[in-house]
Amino acid sequence: MAKKVETVDMADQFAEFKELKNIDKNTMISVLEESFRSVIAKMFGSDENFDVIMNPDKGDCEIYQNLEVVPDGEVENPNQQIGLTDARNDEESPDPDCEIGEEHTRKIDFAKFGRRAILNLRQTLASKILDLQKDAIYNKFKDLEGELVSGEVYQTWKREVLLLDDEKNELILPKDQQIPTDIYHKGDTVRAVIYKVDNQNNNPKIIVSRTSDLFLRRLFELEVPEIHDGLIVIRSVARKPGERAKIAVESYDDRIDPVGACVGVKGSRIHGIVRELRNENIDVINYTPDPVLFIQRALSPAKITTIRIDEETKHAEVFLRPEEVSLAIGRGGLNIKLASMLSGYTIDVYRDLENDEDDVYLDRFNDEIDQWVIDALKAIGCATAKAVLNTPRQDLIDKADLEEDTVDEVLEILRAEFED
């Protein structure tokens, strides 16, 4: 009888485990039945002539074996057949009225199979429940890809940080998905976006990110009700995490200023986002389908004189007054890079030469200067001969990443142009 109690207790234990793991009732019943059948098949060679009835309300199960009644002495397979006398006098399920050829149903007490069978059942159940739990985690987070999630820092390593959400699910924040200035301590609460969910070898791995453009989008949706309600839409995002970002927004309601709504009164809405992104500088601009106007806005705060665009190749040539070139390019070329990402156009910046008829674009010297050298100089805002000559020699070496000999050769060629 002790073993009988152990079997019932075991079912109760897994019923409680089911609630903790959020496995629905029908699935749990199915898993229990499959587990019992698996053990029965190992013991009897087959489970085809067995009925397994789960009683979830009682926390136990009933097992019945269906045997063919045959004449005494003609039993060939005791797992499939039973003699007439044995069927009529069966201790577990006596059937005095049964006849040859009929089916005799015997109730099975699983506990009588011994500790090994019970241990086998426990292991089978644990394995199936673990697989179910892994599937549930994968399916849940796969549907949440791109959504915000919060987790508590549990452990930090050199290449990644382990977070635990409210349900103790593990979230991995890799180094390359962290904002460079992020510092994490055990117990800190961290917000991120679910970046990718892998399931190699049925082992779900949830990767989260703070550098993804989606993270910035979700933060704006959280802080700006008009975006959440669909009155304002985010058209494009460009970021260098932790440093600077540009975001283009458009309003579906003419009464709503999309930039003002995103920034908030005295910056009340955007300040929270900036703090979350470790003081990342965020430019919010009005989206327009006109590529010329959009590029002008994307290059803010620089004032543009003229733009020539090629919509087929997605290339734009931007002309500015000399004093505006450095603003358009930005420190380390960041402003023009983000503007290109935001607009989808490759942008080249040139000095406007209308007021300097003597100046010459560097492209005119491509028969004397290698094109890659010209491109390197243009990348730092030196698109004309005078722009190069007016830039300190050491800046040309450092910022354009050119060899001293190369810079000296370029300067000699350009000086010769004006001497002539």
For this session: Could you look through region 369-412, keep only residues that are more than 14 Å from GLY333 (Cα to Cα), among the charged types (D, E, K, R) and at pLDDT 85 or above, and pick out the one that is surrounded by the most Cβ atoms within 10 Å (Cβ to Cβ)?
Result: GLU409
Problem set entry | Verdict on TYR138 being open to solvent by 60 Å² or more (accessible area, probe 1.4 Å) and either more than 22 Å from LEU216 (Cβ to Cβ) or polar (S, T, N, Q) (or both) | no
Exercise. So, in region 68-91, of the ones that are polar (S, T, N, Q) and outside any loop (DSSP other than H, G, I, E, B), which residue ends up surrounded by the most Cβ atoms within 10 Å (Cβ to Cβ)?
Worked result: GLN81
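One residue is enough: does region 329-352 have a residue meeting the conditions within 30 Å of LEU231 (Cβ to Cβ), of a type in the set (Val, Ile, Thr) and under 32 Å from the mean Cα position of the chain (by Cα)?
no
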For this session: Identify the residue in region 143-202 that is at positive phi and among the small types (Gly, Ala, Ser) and, among all such residues, is surrounded by the most Cβ atoms within 10 Å (Cβ to Cβ).
Result: GLY146
Exercise. Limited to region 370-420, what total is found for residues that are in contact (Cβ under 8 Å) with a residue 24 or more places away in the chain and in a loop (DSSP other than H, G, I, E, B)?
Worked result: 6
For this session: Test VAL237 against the criterion of being outside any helix (DSSP H, G or I) and either open to solvent by 50 Å² or more (accessible area, probe 1.4 Å) or in contact with a helix residue (DSSP H, G or I) (Cβ under 9 Å, 6 or more places away or on another chain) (or both), and give yes or no.
Result: yes
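The values are calculated or read from the model by the stated rules, or taken from the named source; none is laboratory data. The shown structure was predicted, so the numbers you read here are calculated from the model rather than taken from an experiment. In this analysis, Cβ positions are derived from the backbone assuming ideal geometry, glycine residues included, and neighbour counts consider all displayed protein chains. Protein only, heavy atoms only, side chains kept; ligands, DNA and RNA dropped before computing areas. Shrake-Rupley method; radii C 1.70, N 1.55, O 1.52, S 1.80 Å.
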